[in-house]
Amino acid sequence: MEAFKLMKELKSNLELEVHYLPKETGLSLIESTQENGNGVSAKCRDARVEDLWSLTSFFGYSTQTFVLAVNLLDRFLAMMKVQSKYLACISISCLHIAARVTEEECNVSSSHELIRISQCKFTVSDLSRMEKIISEKLNFQFKAVTALTFLHLYHAIAISHTSNRKDVLNLDKLEAQLKACLCRIVFSKAKPSVLALSLLMLEIEALQSADLFEIAHRIQTHLKISKADLARWRGLVDQCMREYSSPECAKPDHKKLVWIVSRRTAQNLHSSYRSIPELPTIPEGVWDESESEDSSEDLSSGEESLSSSLGSDAEGPYFPSNFRSRACRQ
């Protein structure tokens, strides 16, 4: 009976997932943008997502908050023309919105605290204004169906057949791997149901469990996911996991980050909000697919990246040093 309800819920979410996908044309424009060109590049976007991962862990937010924040960010970036000097404000706004949706009210950090810790150059007023713009452009559709939604359902379906598999199929590990994938814009093009199943299939192959493989195959058939589609994304996920491979992934630590800072840094953190310059008025240009890159406005950014302080389940070699990109600097 429980398995039947789960499969029904799975089908319902499958019908909804298309409504929360970023526009692929917008994502492609970001991917094609040169790093030193006139647009938000994939490298800049990926660096900001790494920042969100770091902040999510620092504030003790859930994986659901992080995944939703990335979904909101990608949907907005794929819809709007954005100068990179606004990218930090946009990403922090998405995290703040996501936290208010998924976290207990008492656990949601204040706008001032988010700005102070992220060390971004905007004010509480800027953040509030940006959140309003994002909310309106996304039609206040915040409770998105994401890859995490399907990952939890797939896991629940697998363990519903026998309790013995609960400790074998590690949900924390799957969540950590999903977060790693979301730090690359290419995975924002994948349907959440397919991305989640790709992660599940790789883990099952590693476990060499014929029973779990049969369950995954039934899910694939039930959702009518093509072999070609699954094979493509499974290959990309496998490649990503090889680059991220580390013992840290298998046993993620959900404790908050502990930052050790110098006295000078501590003083800057304490006083930075008094000297933050206000951002100029935020233009609201929508993506024009026919518009060339040369006609875009200058998107250079002076923001620092927090990528060197990734989330606790991404410490050490989990993020290779050559992948720890910095947001575009002046």
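Tabulated data
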item: Options 40, 101, 67, 49; residue that is farther than 27 Å from residue 240 by Cα and either β-branched (Val, Ile, Thr) or assigned to a helix (DSSP H, G or I) (or both); result: 101
item: Selection count, the range 98-121, where residues are open to solvent by less than 50 Å² (accessible area, probe 1.4 Å) and either farther than 13 Å from residue 64 by Cβ or of a type in the set (D, E, K, R) (or both); result: 9
item: Answer from 238, 211, 172 - the residue that is free of Cβ contacts under 8 Å to residues at least 60 places away in the same chain, open to solvent by 10 Å² or more (accessible area, probe 1.4 Å) and in contact with a His (Cβ under 9 Å, 6 or more places away or on another chain); result: 211
item: Sole exception among (1) closer than 19 Å to residue 119 by Cα; (2) under 13 Å from the mean Cα position of the chain (by Cα) for residue 86, by number; result: (2)
item: Residue 131 vs. criteria out of contact with any helix residue (DSSP H, G or I) (no Cβ under 9 Å at 6 or more places or on another chain) and part of a helix (DSSP H, G or I); result: no
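Here's the yes/no breakdown for (1) open to solvent by less than 20 Å² (accessible area, probe 1.4 Å); (2) under 24 Å from residue 194 (Cα atoms); (3) at pLDDT below 95:
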{"position": "2", "(1), (2), (3)": "no, yes, yes"}
{"position": "17", "(1), (2), (3)": "yes, yes, no"}
{"position": "35", "(1), (2), (3)": "no, no, yes"}
{"position": "65", "(1), (2), (3)": "yes, yes, no"}
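The values are calculated or read from the model by the stated rules, or taken from the named source; none is laboratory data. All figures in this text were calculated on a predicted structure; none of them were measured in a lab. When we count neighbours, we look across all protein chains shown, and the Cβ atoms used for this are built from the backbone with ideal geometry, even at glycine. Ligands, DNA and RNA are stripped out before the accessible areas are found, and what is left, the full protein with its side chains, is counted by its heavy atoms. Shrake-Rupley method; radii C 1.70, N 1.55, O 1.52, S 1.80 Å.
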